[in-house]
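In what follows, a single structure is set out as structure tokens and then discussed.
The values are calculated or read from the model by the stated rules, or taken from the named source; none is laboratory data. The shown structure was predicted, so the numbers you read here are calculated from the model rather than taken from an experiment. Here Cβ is always computed from backbone atoms with ideal geometry, including for glycine, and neighbour counts include all displayed protein chains.
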Amino acid sequence: MVINRTSLEVKDRLWHKGVEFATYQAQKLLQESGITRPPFLPERLAALRGIKILKEDLGNLDSLLLPLRDGFEIKINATHSPQRQSFSCAHEIGHTFFFEEEGKALFRTLAKEKGEKISKNWLESLCDISAAELLMPSVMFSQYASIYKFHISSLATLSRIFNISVDATAIRLCDFIAKPCFVAHSVIENSQELGNLRFRTTWLTWSRMRMPSKASRLLFNPKLLGEKSGMLKAFRSDNATYAREWMGIVNFRGYCRIWSQGFTSGSNRFVISLIFPECDS
């Protein structure tokens, strides 16, 4: 079965307008900051917008944005890793863009045409796009990634340079790969039962310009058909691994070229895979 590339691309003027707005606002804030090299610390960016930042245990929440009379306050979950805290902070900065007149007008139009549920999903994804642009600016990130040929083996290095999690770095890298590409995050379950290991994909995504109209950017617990032996090999290795395997992924059925690499260790170990469907250009 040949993949239908247009089925993965949403030609929705509102979505594209939202992406342009979120990206532009982030780029404007970066320009005002005068920061010219990574890492791009969100605390410095927040200060430019009069945002106060507090860190405390928020339980299951990543962060909260609280409007104040004279600005905003962002609460960040202090129990999370510094990299996750940075993205959470940048995400909430993105939300402040939608308190401005143009942002409010855009959200009102989204809610009117798409409904409350979809518009809220889109808003969260647009704030993620703002966060990615604030922490990994397009031009600079692309320049760094090109040095490593946009390869999966660059994830650890890019993650350190930009002080961002490997997960967020992988999603950002996908946005700059020219050909159709999926990103999958997988883990081993029942790791204490050696005879009953289960390899499970926890989330899946693809280029931001292929946003599905009724979902957030991440698809959680997706069903990936196929053996996935290359991914499992990466879990057991410290090196990037390659495999060409048949897969069923979203609406594609066919052979894929798959680059995978494992990260961290013990019960926290996970595998990131860049999956390239073999399809007509």
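Contact map, the range 170-189: first residue closer than 27 Å to Gly266 by Cα and in the same structural domain as Ser207 (by TED's automatic domain parsing), second residue among the polar types (S, T, N, Q) and in a helix (DSSP H, G or I), Cβ cut-off under 8 Å, separation 6 or more or different chains; pairs are Leu173/Ser154.
Give the residue that is surrounded by the most Cβ atoms within 10 Å (Cβ to Cβ), with candidates limited to residues of the range 127-169 that are assigned to a loop (DSSP other than H, G, I, E, B) and touching a residue at least 12 places away in the same chain (Cβ under 8 Å). So that I can check it myself, show each step before the final result.
Of the range 127-169, the ones assigned to a loop (DSSP other than H, G, I, E, B) are 136-137, 148-151, 163-165.
Right, trim to touching a residue at least 12 places away in the same chain (Cβ under 8 Å) and you get 136-137, 150-151, 163-165.
On the way: Met136: 29, Pro137: 21, Phe150: 16, His151: 14, Asn163: 16, Ile164: 27, Ser165: 19.
Once the filter is applied, the top-ranked residue is Met136.
Note on the range 236-270: residues that are surrounded by 14 or more Cβ atoms within 10 Å (Cβ to Cβ) and closer than 20 Å to Ser165 by Cα total 8. Within the range 50-63, one or more residues are out of contact with any Phe, Trp or Tyr (no Cβ under 8 Å at 6 or more places or on another chain), crowded, with 16+ Cβ neighbours inside 10 Å and assigned to a strand (DSSP E or B). Checking each residue in the range 82-111 for being closer than 19 Å to Ala46 by Cα and small (Gly, Ala, Ser) picks out Ser86, Ser88, Ala90, Gly94, Gly103.
Across the range 32-48, what is the total count of residues that are under 18 Å from Gly103 (Cβ atoms) and within 24 Å of the chain's Cα centre (by Cα)?
Taking the range 32-48 and keeping what is under 18 Å from Gly103 (Cβ atoms), we get 32, 45-46, 48.
Still in the running and within 24 Å of the chain's Cα centre (by Cα): 45-46.
The total comes to 2.
Are any residues in the range 115-126 assigned to a helix (DSSP H, G or I) and out of contact with any Phe, Trp or Tyr (no Cβ under 8 Å at 6 or more places or on another chain), and if so, which ones? Spell out how you get there, then give the answer.
The first filter runs over the range 115-126 and keeps only residues assigned to a helix (DSSP H, G or I), leaving 116-126.
The answer is Glu116, Lys117, Ile118, Lys120, Asn121, Glu124, Ser125.
Screening Ser125 with (1) hydroxyl-bearing (Ser, Thr, Tyr); (2) closer than 20 Å to Leu232 by Cα; (3) in contact with a Lys or Arg (Cβ under 8 Å, 6 or more places away or on another chain); (4) at pLDDT below 95 gives one miss only, at (2).
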